[in-house]
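Shown next, in structure tokens, is the structure this report addresses.
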Amino acid sequence: MIANNSKRIEVVDSLRGFALMIILLLHCIQHFDLDYIPEYLPEPVKVFDKIITNVFSYLFAGKAYAIFAFLFGFSFFIQNENQRNKGNDFRVRFLWRLLLLFCFGVFNTIFFAGDILMLYAVLGMVLVLVLNLKTKYALCIAFFLLILPLEWYKIFNILYNPEYVISESNRSFYSNQTQLYLKEKTFSNVVIGNLTTGRISSFLWNWETGKCFQTAGLFMLGMITGKKELFFSSEVNFAFWRKILRYGLLILIILLIFRMNIYSLFENKTLADSLMLIAASWANFIFTFVLISLFVLFYAKEKMYKIFAKLVPYGKMSLTNYILQSILGSVLFYEYGFGLFKYSGATFSLLIGIVLFLIQLQFSNWWLKKYKQGPLEFIWHKLTWISFSSKS
């Protein structure tokens, strides 16, 4: 096994780099949320494109961001613990840090309306509220959020309240409007659209699919993982991750069977839709931890370590690389830039994503040989610890 008890836990940076790489590849396949399938492509290519889209969607859609959210909570715990050991209360600084992250998110939204930094900045406040709770209470709150309480409220009303009417969603309207302005040739129109219509569309999607609840719950689980030191290299921890893997796969099979039969089991389509959303969310959650456990266990193997460790620099510069992805992706795929969405199906878009990843990885390696932090990480750190006291 690889000894991995350094102050900065390598496997976490590598896992973050893995999640960020998958996010980039998914965004490229999806043309950074611009829905379009080129008509001129040969039929065999279209079939292959569909296979790639389905495989990546099933394996990674929703899971990569979930890993990202989980590690956000873990990083909060590490930062808070470092300050606590110095006798400092990190909570106020963390709230200020979240405000800075929100500003980074606004900048990122200029290029990509699907930005998650603003969401993290708002939901991250929950970590301050649960920081000093006993682990069992924090776990209870986390799992309460993860079961999607709003959706269960809908189900309860569907079953027992004859007068209950589900309000009509505006998500499809804003989503359609987003598709229109993303095809504009003027950059300023895209910027205005991203900061208004696109932002609303993104929020509605996160809210109505339960991502807001799930993200907050994952933040807490990441924090608890830090408290329990589950990423340190030890036989006890490896046994824990093996157990997560075994039970996770078993639950996934049960959820898969349930999802395949939901609409035959329940005649009420509205009820079935809510149950499908819950089952899909739970499946994503479980699959996320299957991926995490596999990653941690493989990382402990000498041969796999040599491969996965190459992702460490990429993960260390996650903020810089995430925003850079949005800039490069929008310029490449949107109409105001090179407009590649009109010509590239999933296969070619995946190849573009791989090239972008390799460029970013090379840049991360080069930068971290010269500096301790990525450029945006450095700015975030400096602004986090800026002094607000004035000397008279």
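The values are calculated or read from the model by the stated rules, or taken from the named source; none is laboratory data. Everything quoted here is computed from the prediction, not taken from an experiment. So basically every Cβ, Gly included, is an ideal-geometry build from the backbone, and we count neighbours across all protein chains shown. Please note that ligands, DNA and RNA were not included when accessible areas were found on the heavy atoms of the full protein model with its side chains. Shrake-Rupley method; radii C 1.70, N 1.55, O 1.52, S 1.80 Å.
Do you know which of the residues in the stretch 369-392 that are open to solvent by 40 Å² or more (accessible area, probe 1.4 Å) and of a type in the set (Val, Ile, Thr) is farthest from Ala121 (Cα to Cα)?
Ile386
Check the stretch 258-266 and report whether any residue there is assigned to a helix (DSSP H, G or I) and of a type in the set (Lys, Arg).
First, pick out the residues of the stretch 258-266 that are assigned to a helix (DSSP H, G or I): 258-265.
Subsequent filtering for residues that are of a type in the set (Lys, Arg) retains 259.
Yes - at least one qualifying residue is present in the stretch 258-266.
Is it the case that the stretch 234-252 has a residue that's more than 22 Å from Ile166 (Cα to Cα), open to solvent by 80 Å² or more (accessible area, probe 1.4 Å) and acidic (Asp, Glu)?
The answer is yes, given that some residue of the stretch 234-252 is more than 22 Å from Ile166 (Cα to Cα), open to solvent by 80 Å² or more (accessible area, probe 1.4 Å) and acidic (Asp, Glu).
Determine the pairs where a residue that is part of a loop (DSSP other than H, G, I, E, B), located within the stretch 37-50, has a partner that is surrounded by fewer than 15 Cβ atoms within 10 Å (Cβ to Cβ) and modelled with pLDDT of 90 or more with Cβ atoms under 6 Å apart, the partner being 6 or more residues away or on another chain.
As it stands, the answer is Pro38/Tyr343, since those pairs meet every condition given.
Has the stretch 295-306 got any residue that is within 30 Å of Ala113 (Cβ to Cβ) and of a type outside the set (A, V, I, L, M)? Before the answer, list the steps.
First pass over the stretch 295-306, keeping only residues within 30 Å of Ala113 (Cβ to Cβ): 295.
Next cut, of a type outside the set (A, V, I, L, M) only: 295.
Scanning the stretch 295-306 turns up at least one residue that is within 30 Å of Ala113 (Cβ to Cβ) and of a type outside the set (A, V, I, L, M).
Check Ser293 against each of (1) open to solvent by less than 30 Å² (accessible area, probe 1.4 Å); (2) in contact (Cβ under 8 Å) with a residue 60 or more places away in the chain; (3) of a type in the set (S, T, N, Q) and name the one condition it does not meet.
Single failed check for Ser293: (2).
For the stretch 25-35, indicate whether the set of residues that are within 16 Å of Gly315 (Cβ to Cβ) and open to solvent by 10 Å² or more (accessible area, probe 1.4 Å) is non-empty.
First, the residues of the stretch 25-35 that are within 16 Å of Gly315 (Cβ to Cβ): 25.
Filter again for open to solvent by 10 Å² or more (accessible area, probe 1.4 Å), leaving 25.
Scanning the stretch 25-35, I find at least one residue that is within 16 Å of Gly315 (Cβ to Cβ) and open to solvent by 10 Å² or more (accessible area, probe 1.4 Å), so the answer is yes.
Tell me, please, whether a residue that is outside any loop (DSSP other than H, G, I, E, B) and of a type in the set (Phe, Trp, Tyr) can be found in the stretch 335-345. Break it down into steps so the answer makes sense when it comes.
Step one: of the stretch 335-345, the residues outside any loop (DSSP other than H, G, I, E, B) are 340-342.
With of a type in the set (Phe, Trp, Tyr) added as a condition, the list becomes 341.
Yes, the stretch 335-345 has at least one match.
Taking into account only those residues within the stretch 40-70 that are in contact with a helix residue (DSSP H, G or I) (Cβ under 8 Å, 6 or more places away or on another chain) and basic (Lys, Arg), which is surrounded by the most Cβ atoms within 10 Å (Cβ to Cβ)?
Lys63
Going by what's in this entry, would Ile158 be described as in contact with a Leu (Cβ under 9 Å, 6 or more places away or on another chain) and open to solvent by 20 Å² or more (accessible area, probe 1.4 Å)? Working first, answer last.
Details: in contact with a Leu (Cβ under 9 Å, 6 or more places away or on another chain): yes; open to solvent by 20 Å² or more (accessible area, probe 1.4 Å): yes.
Answer is yes for this residue.
Quick one: in the stretch 253-262, which of the residues that are without any contact (Cβ under 8 Å) to a residue 12 or more places away in the chain and open to solvent by 70 Å² or more (accessible area, probe 1.4 Å) is farthest from Gln79 (Cα to Cα)? Break it down into steps so the answer makes sense when it comes.
We begin by selecting, within the stretch 253-262, every residue without any contact (Cβ under 8 Å) to a residue 12 or more places away in the chain; these are 253-254, 257, 260-261.
Now restrict to residues that are open to solvent by 70 Å² or more (accessible area, probe 1.4 Å): 253-254, 257, 260.
Working: Ile253: 37, Ile254: 38, Ile257: 41, Met260: 43 Å.
Per the stated criteria, the residue is Met260.
Being surrounded by fewer than 17 Cβ atoms within 10 Å (Cβ to Cβ) and either more than 23 Å from Tyr36 (Cα to Cα) or at pLDDT below 95 (or both) is the filter here, so list the residues in the stretch 348-363 that pass it. Don't jump to the end; show me each part of the working.
Within the stretch 348-363, the subset surrounded by fewer than 17 Cβ atoms within 10 Å (Cβ to Cβ) is 351, 354-355, 358-359, 362.
Selection gives Leu358, Ile359, Gln362.
All but one of (1) open to solvent by 60 Å² or more (accessible area, probe 1.4 Å); (2) at pLDDT 95 or above hold for Leu101; state the number of the condition that does not hold.
Against the list (1) open to solvent by 60 Å² or more (accessible area, probe 1.4 Å); (2) at pLDDT 95 or above, Leu101 comes up short only on (1).
For every residue, the table says whether it meets (1) modelled with pLDDT under 95; (2) farther than 16 Å from Gly17 by Cα.
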{"position": "Tyr58", "(1), (2)": "yes, yes"}
{"position": "Lys63", "(1), (2)": "yes, no"}
{"position": "Asn88", "(1), (2)": "yes, yes"}
{"position": "Arg97", "(1), (2)": "no, yes"}
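Testing Trp366 on (1) surrounded by fewer than 12 Cβ atoms within 10 Å (Cβ to Cβ); (2) in contact with a Phe, Trp or Tyr (Cβ under 8 Å, 6 or more places away or on another chain); (3) among the aromatic types (Phe, Trp, Tyr), one condition comes back false. Which one is that?
Single failed check for Trp366: (2).
Residues that are under 14 Å from the mean Cα position of the chain (by Cα), at least 3 per element: which helices (runs of 4 or more DSSP H) completely within the stretch 57-152 meet that? Full working, then the answer.
Values: elements: 63-85, 91-109, 117-123, 125-130, 135-146.
Of the helices (runs of 4 or more DSSP H) lying wholly inside the stretch 57-152, those with at least 3 residues that are under 14 Å from the mean Cα position of the chain (by Cα) span 63-85, 117-123.
May I ask you to verify whether Phe238 is modelled with pLDDT of 95 or more and on the phi < 0 side of the Ramachandran plot? Give the steps one after another, and end with the answer.
Working: modelled with pLDDT of 95 or more: yes; on the phi < 0 side of the Ramachandran plot: yes.
Taking the combined requirement at face value, the residue satisfies it.
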